[in-house]
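See below for the structure under consideration.
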Amino acid sequence: MATNQLRQYITEARKSGMSNQDIIEALTKSGWHVHDIIDIVVDFPPKETGAAVISVRNVSKHFGKVKALDGVTLDIPSGQVIALLGPNGAGKTTLVRILGTLSQPTEGTVTIAGLDVVKDAQELRAIIGLTGQYAAVDEILSGRENLDMVGQLYHLPIEEACKRTIELLKEFDLEDAADRSVKTYSGGMRRRLDLAASLVIRPKVLFLDEPTTGLDPRSRLVMWNVIRDLVQGGTTVLLTTQYMEEADQLAHHIFVIDHGKIIAQGTSDELKRQVGGDVLELHLAEHKQVSQAAELIKSFGSAEPRFDSNTGIVTMSVQGGATVLVDVVRQLDTANVKISDVILRRPSLDDVFIKLTGHSAQ
């Protein structure tokens, strides 16, 4: 059956009331491989860029009396990077596991490209990729053997799997180490290989659960560039991270989750505007004076000051710009509180995170 005939079949099947799942089952029974038809079935008729590819509706996940997720609802557009921010234990990984078909929700529904994560899990795994918090690669095998193995697990033709392995080894700068045992790889190399493994099937949707944790700055930048390239190629990426700069750099839209609930969402700029005004940041010469300094300047702020005795830094949201800066310095100088540095800056995602959750990312 040629592509045009396949599209005609899909059109007629949908007119008769068949779902994507019904169509895929009928075609696979006729001898088609899922990999050959999934893109055509899901994208016909073609979707507009930005249309929701992931739909989460009232999803809860209970572990005994613990609610890891509590009524989460969100839509994720196609062809974008979506960041999911939250402290440890907020529910980020639980949601990713449900989206990746590794766990089932206690309540609610999730669809990805029209496929249900519970009912259509097998078909869905042919179009999604998942990279967890820790590199899931075989240390005994070489990098090349790891990627070849993933291709075999997805039943790719041998020639196609080998070609894809070569492409990924080059893309992730692993060619020189391709035939070495993975146990000789550095942490950054293992992370890159892990991400490469999730891309063997060219997934339409990719879930990255804290993909740059533990990487050095250079490796993190390499990973960011890979993610940008994937999105330019049409892949939708859901990224969980505790690095605020990472979300700021990559995400088109951000969801903040805490205690299993979505507590805020928006673009980076939209979330920063919730902080309001500027942020005054004081670096004290004597760290032990942070609480005193916070008390002295709080009348100049638009919110309560925050301080850290370990770093000697006091931060506070303010209105009025440079005028407030002068008044604060005078007040502290009068009280003989020494300042080593003073900064007036725009709010960051760290400031947003602290305001929304009550503490910094961990």
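The values are calculated or read from the model by the stated rules, or taken from the named source; none is laboratory data. The shown structure was predicted, so the numbers you read here are calculated from the model rather than taken from an experiment. Cβ placement follows ideal geometry from the backbone for every residue including glycine, while neighbour counts extend to all protein chains displayed.
Could you tell me whether Lys92 is at pLDDT 95 or above and either buried (at least 22 other Cβ atoms within 10 Å of the Cβ) or closer than 21 Å to Arg190 by Cβ (or both)?
no
What's the number of the condition Gln289 fails, among (1) surrounded by 15 or more Cβ atoms within 10 Å (Cβ to Cβ); (2) within 17 Å of Asp350 (Cβ to Cβ); (3) polar (S, T, N, Q)?
Failed condition: (2).
Could you pull out the residue among Thr73, Thr93 that is outside any strand (DSSP E or B) and β-branched (Val, Ile, Thr)?
Checking each option against the conditions leaves just Thr93.
Condition check: surrounded by fewer than 19 Cβ atoms within 10 Å (Cβ to Cβ), assigned by TED's automatic domain parsing to the domain that holds Gly214 and without any contact (Cβ under 8 Å) to a residue 12 or more places away in the chain. Does Gln104 satisfy that?
no
Which of the residues that make up the range 59-88 are over 22 Å from Trp224 (Cα atoms) and in contact with a helix residue (DSSP H, G or I) (Cβ under 6 Å, 6 or more places away or on another chain)?
Lys61, Ala68, Leu69 - these are the residues of the range 59-88 that are over 22 Å from Trp224 (Cα atoms) and in contact with a helix residue (DSSP H, G or I) (Cβ under 6 Å, 6 or more places away or on another chain).
Considering each of Leu356, Leu344 in turn, give the residue that is under 29 Å from the mean Cα position of the chain (by Cα), closer than 23 Å to Glu246 by Cα and at pLDDT below 90.
Exactly one residue qualifies, and that residue is Leu356.
Within the range 89-97, can one find any residue that is touching a residue at least 24 places away in the same chain (Cβ under 8 Å), assigned by TED's automatic domain parsing to the domain that holds Thr213, in contact with a helix residue (DSSP H, G or I) (Cβ under 7 Å, 6 or more places away or on another chain) and not aliphatic (A, V, I, L, M)?
Checked against the condition, which is being touching a residue at least 24 places away in the same chain (Cβ under 8 Å), assigned by TED's automatic domain parsing to the domain that holds Thr213, in contact with a helix residue (DSSP H, G or I) (Cβ under 7 Å, 6 or more places away or on another chain) and not aliphatic (A, V, I, L, M), the range 89-97 yields no hits at all.
Can you confirm whether Leu208 is in contact (Cβ under 8 Å) with a residue 40 or more places away in the chain and either at positive phi or out of contact with any helix residue (DSSP H, G or I) (no Cβ under 6 Å at 6 or more places or on another chain) (or both)?
So Leu208 fits the description; yes.
Kindly establish whether Gln362 is modelled with pLDDT under 85 and either in the same structural domain as Lys298 (by TED's automatic domain parsing) or in a loop (DSSP other than H, G, I, E, B) (or both).
So Gln362 fits the description; yes.
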